[in-house]
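Accompanying notes for the structure given below.
The values are calculated or read from the model by the stated rules, or taken from the named source; none is laboratory data. Just so you know, these numbers come straight off a predicted model, no measurement behind them. In this analysis, Cβ positions are derived from the backbone assuming ideal geometry, glycine residues included, and neighbour counts consider all displayed protein chains. The protein model used for the area step is the full one, side chains on, heavy atoms only, and it has no ligands, DNA or RNA in it. Shrake-Rupley method; radii C 1.70, N 1.55, O 1.52, S 1.80 Å.
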Amino acid sequence: MPSFSDATEYGLRRLSDRDFQIYAARMLKALRDERKENAIAYYQPVSKRAMMVHESTAKVLGVGGGNGSSKTESCLVEVVACATGVFPASLQHLAKQKYCGPIQCRVVVESFLTTLEPIILPKLRWSHWTGADEPDGLRGHWGWIPRDCLLGGEWDKSYSSKLHILTLISRDPFDRSIVRGESQIQFTSKDQDASDFASGEFKLILHDEPPEFAQWRENEARAMRVNGRMLLAMTWPDDASIAVDWIYDKIYEPGLPGPRRDKSIEWLELHTTDNKMADQEAVRAQMAKWSKATSSVRIYGQ
């Protein structure tokens with residue numbers, strides 16, 4: 001039975017047709033397994049706008065976007081890369097600037113029950129596929145946490161469902177064989193009281209959808225202690241009862257491009273129509289049913 005080294009040592013021409021087919025099948029499986037267990041290494045921002053999320057160094061980064069625009073995915077990749085030290089080739093030029101060793105992160109979701117378990121965690125689990133295509137298709141990805149960055153290579157050893165804490169191995173971004181220590185991602189929920197956020201020090205804090213202002217203020221203090229960054233990924237809500245005026249005043253308006261922009265704040269907008277991973281035919285069909293006002297929010301994040 002041939003091994004991978006047979007082709008290198010003896011040349012493909014010395015393999016029989018049958019052995020070559022076996023070799024090719026094994027090589028294909030190895031490549032699929034590598035992509036599956038190290039999905040983040042193959043990450044490509046879905047658009048130029050999404051790339052700007054990673055290039056930003058703002059202390060406060062607001063990422064507005066339509067539904068399915070990759071606003072959450074882009075921010076999750078930013079957190080995972082900085083926490084694990086595994087930067088994809090597309091972001092390798094940012095590794096020296098952004099990697100600072102093992103870090104503490106916090107991710108605030110809408111709900112543990114309806115958001116964290118069914119939506120956010122599957123995007124991180126290396127064995128779970130997310131996308132419009134079937135597994136290993138072009139439009140989609142395996143979970144962003146590399147398998148070799150999990151304790152013992154196992155999700156259940158790294159993630160505590162009781163504490164909602166994910167412990168990760170942090171590797172040197174330029175020599176993956178070197179372990180720098182352990183990072184942690186703490187998951188919290190918008191339906192928690194603001195006082196629950198009043199502890200800890202976090203280098204990166206990601207809010208997935210608009211938080212309460214009191215929660216944001218508490219998290220600002222946790223990031224301030226270690227010169228950390230705050231990320232907000234959101235679609236402007238249709239529900240007028242959801243308080244977002246403070247986001248407009250404190251993040252959106254000061255973060256817009258122009259001479260009056262606060263240099264510590266940046267606001268970016270991602271468009272669903274730019275997302276190469278989305279089924280754009282389905283997007284166009286839905287846009288045809290929506291009003292222009294609805295599309296401006298749901299597709300363009302305005």
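Structural remarks
- Qualifying residue in region 270-284 (condition: crowded, with 16+ Cβ neighbours inside 10 Å, among the small types (Gly, Ala, Ser), over 19 Å from MET51 (Cα atoms) and under 20 Å from the mean Cα position of the chain (by Cα)): no
- When each of ASP262, ASP239 is tested for being part of a loop (DSSP other than H, G, I, E, B), under 19 Å from LYS71 (Cβ atoms) and free of Cβ contacts under 8 Å to residues at least 60 places away in the same chain, the lone residue that passes is ASP239.
- For LYS289, the requirement of being charged (D, E, K, R), out of contact with any strand residue (DSSP E or B) (no Cβ under 7 Å at 6 or more places or on another chain) and touching a residue at least 24 places away in the same chain (Cβ under 8 Å) is not met.
- Output for region 208-223, where each listed residue is open to solvent by 50 Å² or more (accessible area, probe 1.4 Å), touching a helix residue (DSSP H, G or I) at 6+ places or on another chain (Cβ under 7 Å) and assigned to a helix (DSSP H, G or I): PHE213, ALA214, GLU218
- Close pairs from region 163-174: first without any contact (Cβ under 8 Å) to a residue 12 or more places away in the chain and of a type in the set (Asp, Glu), partner open to solvent by 20 Å² or more (accessible area, probe 1.4 Å) and in a strand (DSSP E or B), Cβ under 6 Å, at least 6 apart: none
- Residues (closer than 26 Å to PHE213 by Cα and surrounded by 15 or more Cβ atoms within 10 Å (Cβ to Cβ)) located in region 166-191: LEU166, GLN184, ILE185, GLN186, PHE187, THR188, SER189, LYS190
- Conditions (1) surrounded by 18 or more Cβ atoms within 10 Å (Cβ to Cβ); (2) assigned to a helix (DSSP H, G or I); number of the one not met by ALA233: (2)
- Residue match in region 266-276 (condition: free of Cβ contacts under 8 Å to residues at least 12 places away in the same chain and among the basic types (Lys, Arg)): no
- Among the conditions (1) modelled with pLDDT under 95; (2) part of a strand (DSSP E or B), the only one that LEU61 does not satisfy is (1).
- Segments classed as helices (runs of 4 or more DSSP H), wholly inside region 66-163, with at least 3 members that are open to solvent by 10 Å² or more (accessible area, probe 1.4 Å) and under 21 Å from ARG298 (Cα atoms): 71-84
- Condition met for PRO45 (open to solvent by less than 100 Å² (accessible area, probe 1.4 Å) and modelled with pLDDT of 85 or more): yes
- Being at pLDDT 95 or above, outside any strand (DSSP E or B) and β-branched (Val, Ile, Thr) holds for only one residue in VAL297, VAL226, VAL283, and it is VAL226.
- Of residues in region 246-263 being touching a Gly at 6+ places or on another chain (Cβ under 9 Å) and not aromatic (Phe, Trp, Tyr), the one surrounded by the most Cβ atoms within 10 Å (Cβ to Cβ): ILE251
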